[in-house]
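See structure below.
We did not get these values from a lab; they are worked out from the coordinates using the rules stated. Note that the structure is a prediction, hence the values are computed from the model and not measured. Here the Cβ positions follow ideal geometry from the backbone for every residue, glycine too, while neighbour counts run over all protein chains shown.
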Amino acid sequence: MKRTPMTLRGAEALRAELKRLKSESRPAIIKAIAEARSHGDLSENAEYHAAREQQSFIEGRIRDIETKLSSAEVIDPRTLPNTGRVVFGAVVELEDEAGNRLIYQVAGEDEADVNAGRISITSPIARALVGKSEGDVVDVSAPGGVRSFEIVEVRFE
């Protein structure tokens, strides 16, 4: 089975979501289905069909999270040696051609959230950064053209 890298923070977030789905969402939707059933004819009961659809979504999400966690290789970036090179889990401070500073953590696919400063290991910018060191300049092919970034700092937190 292929192992998927995931930060400790990402694994904890998935575990918390799984716990919430199993302990809160699943029992609530079961209760909603039971209530909708009590209203009579199920063939024309929109409330029942909506609840069943929601149940299907919740069960699918539970299976998805369990699969991701079972194939995850959880990496705690704080335990990695700081060699100054960009690897999975590293927090990278970049400077673009205009002098703008950007800070990203190279994270797993499910953890990616550019607004929160986490980019997927499979994204073009992360692929360009991995293996590079502080002071290196990397060129990234973006939809708007090629952009250059200098790696100002690499840290593990």
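Taking the longest Cα principal axis of the chain as reference, the axis of helix 26-37 is set at about 30 degrees. DSSP assigns beta bridges within the chain; of those with both partners inside it, close to 75 percent run antiparallel.
In terms of the Cα gyration tensor, with a ≥ b ≥ c the square roots of its eigenvalues, is the stretch 4-74 rounded because a/c is under 1.5, prolate because a/b exceeds b/c, or oblate? Since a/c reaches 1.5 and a/b is larger than b/c, the shape of the stretch 4-74 is classed as prolate. Would you mind counting up the charge near residue 19? Only other residues with Cβ under 13 Å from its Cβ, with Lys and Arg at +1 and Asp and Glu at -1. With Lys, Arg at +1 and Asp, Glu at -1, the neighbours total +1. Note on the stretch 32-146: dipole from Cβ charges, positive end direction compared against 100, 84, 45; the farthest Cα belongs to 84. Under 13 Å from a label point set 7 Å out along the Cα-to-Cβ vector of residue 3, the amide N atoms of the stretch 74-102 belong to 74-76.
A Cβ-based charge dipole, computed about the Cα centre of the chain with Lys and Arg at +1 and Asp and Glu at -1, lands at about 600 debye. Plainly put, the stretch 108-157 has a radius of gyration that is 0.96 times its Kirkwood radius, both from alpha-carbon atoms, as the Rg/Rh ratio. The stretch 76-155 has equivalent-ellipsoid semi-axes of 19, 15, 11 Å, by the square roots of 5 times the alpha carbon gyration tensor eigenvalues, sorted largest first. Report, ordered by chain and residue number, the lysines lying within cross-link reach of residue 19, taken as a straight Cα distance under 21 Å and ignoring same-chain residues fewer than 8 apart. Those lysines meeting the cut-off are 31, 68.
By the rule of a C-alpha distance below 17 Å, with chain neighbours fewer than 8 residues away ignored, the aspartates and glutamates paired with residue 22 are 12, 53, 59, 64, 66. Counting only alpha carbon atoms, the long axis of helix 8-20 and the longest principal axis of the chain meet at about 10°. Which angle between 0 and 90 degrees, to the nearest 10, do you get for helix 46-70 versus the longest principal axis of the chain when only C-alpha atoms count? Long axis of 46-70 versus the principal axis of the chain: about 40 degrees. Taking the chain as a Gaussian network of alpha-carbon nodes connected by springs under 10 Å, the highest mean-square fluctuation of the residues 107, 13, 32 belongs to 32. Each peptide among 134-144, 46-56 gets the average number of other Cβ atoms lying within 10 Å of its residues, and from highest to lowest they stand as 46-56, 134-144.
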